[in-house]
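Structure incoming, see below.
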Amino acid sequence: VPGLPVFGNALALGRDMNQFLVESYHRFGPIYRMQIFNRDITVLAGMDANTLVKEEDENIFTNEHQFAWIREHIGKVLTGTTPEEHAHMRRQLKPGYSRVNAGRQLPLLVKVIDDFIDGLQVGDSFEVFPTMQTLVLDQLGYLMVGSSPEDYLPDFRRFMKMLLQVHQLSTRPAWVLRLPAFQRAKARSFEMAQRILDEHKQTTPGVDRPENAIDILLNNLDVYGNPYDDSSLLAEAMGPFLAGQDTVAGTLSFLCYTMHKHADVHARVAAEARAKFSPEMSMNQLRELDDIHKTIIETMRRYTVGALMPRHARKTFEFAGHRVDAGAEVYSATAVVHFLPENYAAPWDFNIDRPAGPSGAFVPYGVGNYACLGAGIADIQLLVTMAALLRRGRFELDPADYKMKIQNIPLPNPGPYRLKLVEKYD
């Protein structure tokens, strides 16, 4: 793909990630090469590319190199392990990340939202994305590790932001990781993780604390037949916060925008939430929230947060008549299929009543063995959070005529927009 000197395609990708990827697919086909600064990256896109990744993922791809920096600075987080370690660990952790596990704790998810609304007065305005980050990480804390990150949250955000800027985005030099600000944030993040791990070692899961991923690792062996060491356990204590702070929070922020920008959609979902939603709903009863569910699905299709899945080629392979050498950096542009007219009519329009696409056309959580392990939990979080917000308050964009300015770093989000509380319900 033609690009600029030095920057390559980085600026175009940063302006509108999905548009760049879709236009490149139509222009160059299902496999092409882009450049981000000094990195040559092979991109796979389209239905056939997604099928390849789904069927051959850990056979020909690995995340081990792409996320080696996570392993260096945090520990054996699932995404930064070898394919063999990843497959073994993923099988073990699956029950801890299940939709059912989240469904059992719906009142906790709702309480986080109720506490937030209780702290607002009519007329208060808040910036949406950082607020959603706080709410999401509080929810994940209770769901996944048994406690909220509380005052550790700003330090954890700073820790992860600086790591991403240096290692993933290449926007800051490596020496910034020696600065006192980073070292303090790192120390606080590990202090949080150690506190969580100590609590799990001192208590056993039961009625008050369901078994979670840390309990699973404490009671199982790694792929080599050894107990998981503290490096793996501390990494898992931070893992849910690492995974959710930009993904679920970004999707919720897009959802708040689309819902309030389209008055007809807002009227439908708000009425549904106030008429049907309750913190005591069962998993089956959540399916009755049809308009909210359709709005979430369409938002995830039109504004996919996980548009790219980074990999390295584990071995040389061929795709669509082109050879990809072992060791090459490969990005799977899974979300391109969301914008193909053969899958969705008028794909750039936002329409919650559009028909479902063909099999394999909706992949907001990625495909293959490296697809999001927490997809089920994210589905529950999105549905319950939006329903709980709408049940307790009526909001509007602030200012009312605001037009979204998407930011794509580190992942797509709708930028610094605000919502104002205009009516509050008990």
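Quick check on Gly123: is it at negative phi and either in contact (Cβ under 8 Å) with a residue 24 or more places away in the chain or of a type outside the set (Asp, Glu) (or both)?
Working: at negative phi: no; either in contact (Cβ under 8 Å) with a residue 24 or more places away in the chain or of a type outside the set (Asp, Glu) (or both): yes.
In short, no.
Assuming Gly29 fulfils every condition listed in (1) closer than 24 Å to Met144 by Cα; (2) surrounded by fewer than 16 Cβ atoms within 10 Å (Cβ to Cβ) apart from one, which condition is it?
For Gly29, the failing item is (1).
So in the stretch 196-226, with the set limited to residues that are touching a Ser or Thr at 6+ places or on another chain (Cβ under 8 Å) and not acidic (Asp, Glu), which one is surrounded by the fewest Cβ atoms within 10 Å (Cβ to Cβ)?
Arg209
Let me ask something additional. Taking the condition of being buried (at least 18 other Cβ atoms within 10 Å of the Cβ) and either in a loop (DSSP other than H, G, I, E, B) or in contact with a Lys or Arg (Cβ under 8 Å, 6 or more places away or on another chain) (or both), how many residues in the stretch 307-328 meet it?
Adding up the residues that qualify gives 4.
How many residues does the stretch 302-316 hold that are of a type in the set (A, V, I, L, M) and either over 12 Å from the mean Cα position of the chain (by Cα) or on the phi > 0 side of the Ramachandran plot (or both)? Reasoning before the result, please.
Restricting attention to the stretch 302-316, the residues satisfying the condition of being of a type in the set (A, V, I, L, M) are 305, 307-309, 313.
Retained after the next criterion (residues that are either over 12 Å from the mean Cα position of the chain (by Cα) or on the phi > 0 side of the Ramachandran plot (or both)): 313.
Residues in the stretch 302-316 being of a type in the set (A, V, I, L, M) and either over 12 Å from the mean Cα position of the chain (by Cα) or on the phi > 0 side of the Ramachandran plot (or both): 1 in total.
Still on this structure, please answer the following. Taking Gly368 and the conditions (1) at pLDDT 95 or above; (2) touching a helix residue (DSSP H, G or I) at 6+ places or on another chain (Cβ under 7 Å), which numbered condition does it fall short on, given that it satisfies the others?
(1)
Per-residue answers, yes or no, for (1) crowded, with 23+ Cβ neighbours inside 10 Å; (2) within 23 Å of the chain's Cα centre (by Cα):
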{"residue": "Ala345", "(1), (2)": "no, no"}
{"residue": "Pro364", "(1), (2)": "yes, yes"}
{"residue": "Gly368", "(1), (2)": "no, yes"}
{"residue": "Arg391", "(1), (2)": "no, no"}
{"residue": "Leu397", "(1), (2)": "no, no"}
{"residue": "Asn408", "(1), (2)": "no, yes"}
{"residue": "Leu411", "(1), (2)": "no, yes"}
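On the basis of being more than 19 Å from Gly366 (Cβ to Cβ), of a type outside the set (A, V, I, L, M) and modelled with pLDDT of 95 or more, does Thr295 make the cut?
So Thr295 passes the test.
Another question about this same structure. Looking at the stretch 278-315 only, could you name the residues that are touching an Asp or Glu at 6+ places or on another chain (Cβ under 9 Å), closer than 19 Å to Ile377 by Cα and hydrophobic (A, V, I, L, M, F, W, C)?
Answer for the stretch 278-315, where residues must be touching an Asp or Glu at 6+ places or on another chain (Cβ under 9 Å), closer than 19 Å to Ile377 by Cα and hydrophobic (A, V, I, L, M, F, W, C): Met281, Leu289, Ile292, Ile296, Val305.
Moving to a separate point now. For the stretch 119-222, please list each of the helices (runs of 4 or more DSSP H) lying entirely inside it that holds at least 1 residues being farther than 29 Å from Asp398 by Cα.
Values: elements: 128-140, 153-163, 180-202, 213-218.
Counting at least 1 such residues, we get 153-163, 180-202, 213-218.
On to the next question. Picking from Phe61, Phe20, which residue would you name as being of a type outside the set (Gly, Ala, Ser), surrounded by 14 or more Cβ atoms within 10 Å (Cβ to Cβ) and without any contact (Cβ under 8 Å) to a residue 40 or more places away in the chain? Walk me through it before giving the result.
Values: Phe61 fails: without any contact (Cβ under 8 Å) to a residue 40 or more places away in the chain.
So the residue among Phe61, Phe20 that is of a type outside the set (Gly, Ala, Ser), surrounded by 14 or more Cβ atoms within 10 Å (Cβ to Cβ) and without any contact (Cβ under 8 Å) to a residue 40 or more places away in the chain is Phe20.
Select from the stretch 106-162 the residues that are under 29 Å from Ala400 (Cβ atoms) and among the charged types (D, E, K, R) and list them in ascending order.
Asp114, Asp115, Asp118, Asp124, Glu127, Asp138
For every residue, the table says whether it meets (1) of a type in the set (Asp, Glu); (2) assigned to a helix (DSSP H, G or I); (3) more than 30 Å from Arg178 (Cβ to Cβ).
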{"residue": "Gln19", "(1), (2), (3)": "no, yes, yes"}
{"residue": "Val22", "(1), (2), (3)": "no, yes, yes"}
{"residue": "Met34", "(1), (2), (3)": "no, no, yes"}
{"residue": "Ile41", "(1), (2), (3)": "no, no, no"}
{"residue": "Asp48", "(1), (2), (3)": "yes, yes, yes"}
{"residue": "Asp57", "(1), (2), (3)": "yes, yes, yes"}
{"residue": "Gln66", "(1), (2), (3)": "no, no, no"}
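Ok, one more. Return yes or no: is Leu242 aliphatic (A, V, I, L, M), surrounded by 15 or more Cβ atoms within 10 Å (Cβ to Cβ) and within 25 Å of Phe129 (Cα to Cα)? Walk me through it before giving the result.
Details: aliphatic (A, V, I, L, M): yes; surrounded by 15 or more Cβ atoms within 10 Å (Cβ to Cβ): yes; within 25 Å of Phe129 (Cα to Cα): yes.
Yes.
Here's another thing I want to ask about it. Among the residues in the stretch 241-260, are any within 14 Å of Phe395 (Cβ to Cβ), among the β-branched types (Val, Ile, Thr), in contact with a helix residue (DSSP H, G or I) (Cβ under 7 Å, 6 or more places away or on another chain) and in a helix (DSSP H, G or I)? Don't jump to the end; show me each part of the working.
Pass one, the stretch 241-260, residues within 14 Å of Phe395 (Cβ to Cβ): 252-253, 255-260.
After this cut, where a residue has to be among the β-branched types (Val, Ile, Thr) as well, the list is 258.
Okay, now just the ones that are also in contact with a helix residue (DSSP H, G or I) (Cβ under 7 Å, 6 or more places away or on another chain), so 258.
Filter once more, keeping what is in a helix (DSSP H, G or I): 258.
Within the stretch 241-260 (the criterion being within 14 Å of Phe395 (Cβ to Cβ), among the β-branched types (Val, Ile, Thr), in contact with a helix residue (DSSP H, G or I) (Cβ under 7 Å, 6 or more places away or on another chain) and in a helix (DSSP H, G or I)), the answer is yes, since at least one residue qualifies.
Given the conditions (1) within 19 Å of Ser359 (Cα to Cα); (2) under 22 Å from the mean Cα position of the chain (by Cα), report the number of the one that Gly14 does not fulfil.
Every listed condition holds for Gly14 apart from (1).
The values are calculated or read from the model by the stated rules, or taken from the named source; none is laboratory data. Not measured: the values here are computed from a predicted model. Here Cβ is always computed from backbone atoms with ideal geometry, including for glycine, and neighbour counts include all displayed protein chains.
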